[in-house]
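Here the structure is laid out as structure tokens; the discussion comes afterwards.
The values are calculated or read from the model by the stated rules, or taken from the named source; none is laboratory data. A quick note: this is a predicted structure, and the numbers were derived from the prediction, not measured. Positions of Cβ are generated from backbone atoms using ideal geometry, with glycine treated the same way; all protein chains shown enter the neighbour counts.
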Amino acid sequence: MTLTELRYIVTLAQERHFRRAAERCFVSQPTLSVAIKKLEDELDVTIFERNRSDVRVTMAGERIVAQARKVLEEAELVKQIAQEGKGQINLP
């Protein structure tokens with residue numbers, strides 16, 4: 001599982017539409033679909049129910065997406081901390 005895959009599921013949960021989610025993630029729709037299916041296979045759970053007209057988040061998917069949001073927020077904090085620490089020299 002990667003941060004990119006987590007971004008994809010969070011975005012799809014918001015958009016509830018593969019094409020729009022793919023556009024927001026700056027990838028093709030097939031790329032998004034394959035990545036999400038790969039993550040579902042890895043986790044052995046269905047995150048999204050798909051049909052021709054819409055995409056729905058499953059009950060398990062709701063919990064996974066909520067946790068993915070937290071992980072992405074924490075990853076951003078790590079980046080901020082790293083940026084703040086650039087150029088600092090720690091003397092013993």
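Before moving on, here are some points about what is shown:
- Region 38-54: number of residues that are within 17 Å of GLN14 (Cα to Cα), modelled with pLDDT of 95 or more and not in a loop (DSSP other than H, G, I, E, B): 2
- Candidates ALA22, ALA60 - the one that is part of a helix (DSSP H, G or I), at pLDDT 95 or above, more than 13 Å from the chain's Cα centre (by Cα) and among the hydrophobic types (A, V, I, L, M, F, W, C): ALA60
- Taken over region 7-42, the criterion of being touching a strand residue (DSSP E or B) at 6+ places or on another chain (Cβ under 7 Å) and of a type in the set (Gly, Ala, Ser) is satisfied by ALA13 alone.
- With respect to the conditions (1) among the hydroxyl-bearing types (Ser, Thr, Tyr); (2) surrounded by 14 or more Cβ atoms within 10 Å (Cβ to Cβ); (3) touching a helix residue (DSSP H, G or I) at 6+ places or on another chain (Cβ under 8 Å), THR58 falls short on a single one, namely (3).
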